[in-house]
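The values are calculated or read from the model by the stated rules, or taken from the named source; none is laboratory data. All of these numbers come straight from a predicted model, not from anything done at the bench. Glycine gets a Cβ as well: all are built from the backbone with ideal geometry, and neighbour counts include every protein chain shown.
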């Protein structure tokens, strides 16, 4: 971790491989907090107990880009979609989602326009740009490589 930074702030790197050469000077990001719901077996039924976990850098952005690539939507709908698709295992908090959306607008990965929600309220609709789609493809490839390495280590460690 860089010296002089609060413990919850880490440099944001351009790829999941954390290549320090990809860092944009002065660009920092907090690691998004996400609620990960663990299932615990009780005497009569399964219950969910929230556990707050940090995501690896780029994970929230990757989920946002993948979701918005399929369909443009506003922030609340985006958070609900991620929660639903993950079978209620992931709940993106507003304090992580909206700053991430703003960073992604600034970097050119997203663009937005005003729209109307199903309840008739004005909302900001986000959609992925060409640069965002290209970034997503690189991140997915990097994530798959990282996941393959972790899987190899866990399978060897477990034997």
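Things worth noting here:
- Here residue 106 does not fit the description of being surrounded by 11 or more Cβ atoms within 10 Å (Cβ to Cβ) and outside any loop (DSSP other than H, G, I, E, B).
- Among residues of region 127-136, those that are crowded, with 17+ Cβ neighbours inside 10 Å and assigned to a helix (DSSP H, G or I), counted: 3
- Residues of region 62-72 that turn out to be closer than 20 Å to residue 138 by Cα and surrounded by 18 or more Cβ atoms within 10 Å (Cβ to Cβ), as a count: 6
- Index of the failed condition, residue 67 passing every other in (1) in contact (Cβ under 8 Å) with a residue 24 or more places away in the chain; (2) in a helix (DSSP H, G or I); (3) in contact with a helix residue (DSSP H, G or I) (Cβ under 6 Å, 6 or more places away or on another chain): (1)
- Residues being within 17 Å of residue 81 (Cβ to Cβ) and without any contact (Cβ under 8 Å) to a residue 60 or more places away in the chain - total across region 127-149: 1
- Residue match in region 116-126 (condition: assigned to a helix (DSSP H, G or I), surrounded by 12 or more Cβ atoms within 10 Å (Cβ to Cβ), in contact with a helix residue (DSSP H, G or I) (Cβ under 6 Å, 6 or more places away or on another chain) and touching a residue at least 12 places away in the same chain (Cβ under 8 Å)): no
- Annotation note: of 136, 110, 97, 105, the sole residue that is touching a strand residue (DSSP E or B) at 6+ places or on another chain (Cβ under 6 Å) and either closer than 13 Å to residue 65 by Cα or modelled with pLDDT of 95 or more (or both) is 110.
- When every residue of region 73-92 is checked against the conditions, none turns out to be surrounded by fewer than 19 Cβ atoms within 10 Å (Cβ to Cβ), at positive phi and over 17 Å from the mean Cα position of the chain (by Cα).
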